[in-house]
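The values are calculated or read from the model by the stated rules, or taken from the named source; none is laboratory data. Just so it is clear, the structure is predicted and the values come from calculations on it, not from any experiment. Glycine also receives a Cβ, built like all others from the backbone with ideal geometry; neighbour counts cover every protein chain displayed.
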Amino acid sequence: MKIFEPGLYIVSTPIGNLDDITLRSLEVLKKSDIILCEDTRRSLKLLNHYKIKKKLVSYHKFNEQKELHKVTEYLNEGKILSLISDAGTPTLSDPGILLIKTCAERGIKIFPIPGPSSITAAMSITGFNDKFLFYGFLPKTENELAKVLNNLKNLDFSLVFFIPGIKINFYLKFFKKYFTGRDIVIAREITKLHETLYRDSMNAIKPFKLGLKGELTVVISKICHNNDLVELDKDIFSQANKYLQKYSLKDVVELISKKEKISKKKVYEICLEIKNNEKNN
């Protein structure tokens, strides 16, 4: 039987699909004396699914300071405590940082139990440069948002944000202003039944008629330098020229758009240019 040391375990839980939890996470939760939960009702769905019955303590951003003393007392008694969030890896735009700082200052052992994260899940399917910066939730007011995006616009990295789906059009308006020329991927309901990915260039993407439901993970590509764009256009032009000799314009647009992860509009424009050149020659 594996023996677990007393201390605080930061346990990652599924971001949607309950099958995504790791064997080690389950093992730690089963051995915990207490599980700190952001929302006990949501956590119970996961714990009941795996038949885990443990003492649950509500621990969220509104009571983090208040519960800190009680939680550290449990740890000083030599108990095993697990911290879980509603979904994904705790402390990343979730409560827990204050507790971890306190444990570190007092010499209480902290153990990371890695697993699902919407940040890395979204980044993994973008096709963007893998050097990225995670910001988290953006400000809700126009003035604060403008300040933040103005500071971020010149950073030459992919950028990852969390956004409420209902506010997507509000944020898109600002993204188009500050990140023109880049590409965007919007990941909705990652790993869930209605998982949806939206890909487009920042210049071409249009507002959503009905908005979107749920929490979104939005990834914006790094800055596209002029030289990069020229080389990309040359490559797309070459591919399109080759494929148009065998396939229809519609099929070529679909093929290259998926392969190169760029907007269909961009590929379509290049294909039209090739077609027009053929007519004129």
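Entry remark, region 51-80: residues being outside any helix (DSSP H, G or I), surrounded by 13 or more Cβ atoms within 10 Å (Cβ to Cβ) and either touching a helix residue (DSSP H, G or I) at 6+ places or on another chain (Cβ under 8 Å) or among the acidic types (Asp, Glu) (or both) number 7 in total. Scanning region 81-114 for residues that are out of contact with any strand residue (DSSP E or B) (no Cβ under 7 Å at 6 or more places or on another chain), surrounded by fewer than 21 Cβ atoms within 10 Å (Cβ to Cβ) and closer than 18 Å to SER32 by Cα returns ASP86, PRO114. Of the residues making up region 134-144, those that are exposed (fewer than 13 other Cβ atoms within 10 Å of the Cβ) and under 12 Å from VAL218 (Cα atoms) are GLY136, PHE137. Does THR191 qualify as being assigned to a strand (DSSP E or B) and under 26 Å from the mean Cα position of the chain (by Cα)? The answer is no for THR191. Under 15 Å from CYS37 (Cα atoms) and in contact with a Gly (Cβ under 9 Å, 6 or more places away or on another chain) - does that describe any residue in region 116-130? Within region 116-130, not a single residue is under 15 Å from CYS37 (Cα atoms) and in contact with a Gly (Cβ under 9 Å, 6 or more places away or on another chain). Inspect all residues belonging to region 205-214 and state whether any of them is touching a strand residue (DSSP E or B) at 6+ places or on another chain (Cβ under 7 Å) and more than 19 Å from PRO14 (Cα to Cα). Checked region 205-214: at least one residue is touching a strand residue (DSSP E or B) at 6+ places or on another chain (Cβ under 7 Å) and more than 19 Å from PRO14 (Cα to Cα). From the list PRO95, PRO112, the lone residue that is of a type outside the set (Val, Ile, Thr) and part of a loop (DSSP other than H, G, I, E, B) is PRO95. Listed conditions (1) over 25 Å from PRO95 (Cα atoms); (2) surrounded by fewer than 17 Cβ atoms within 10 Å (Cβ to Cβ) are all met by THR126, apart from (2). Does PHE174 fit the bill of being under 15 Å from the mean Cα position of the chain (by Cα) and surrounded by 15 or more Cβ atoms within 10 Å (Cβ to Cβ)? When the stated conditions are applied, PHE174 does not pass them.
Scanning region 145-159 for residues that are under 17 Å from the mean Cα position of the chain (by Cα) and part of a loop (DSSP other than H, G, I, E, B) yields one hit, PHE157.
Could you please find all residues in region 131-164 being in contact (Cβ under 8 Å) with a residue 40 or more places away in the chain and among the hydroxyl-bearing types (Ser, Thr, Tyr)? The answer is SER158, and nothing else. Among the numbered conditions (1) at pLDDT 95 or above; (2) in contact with a Leu (Cβ under 7 Å, 6 or more places away or on another chain), the only one that GLU64 does not meet is (1).
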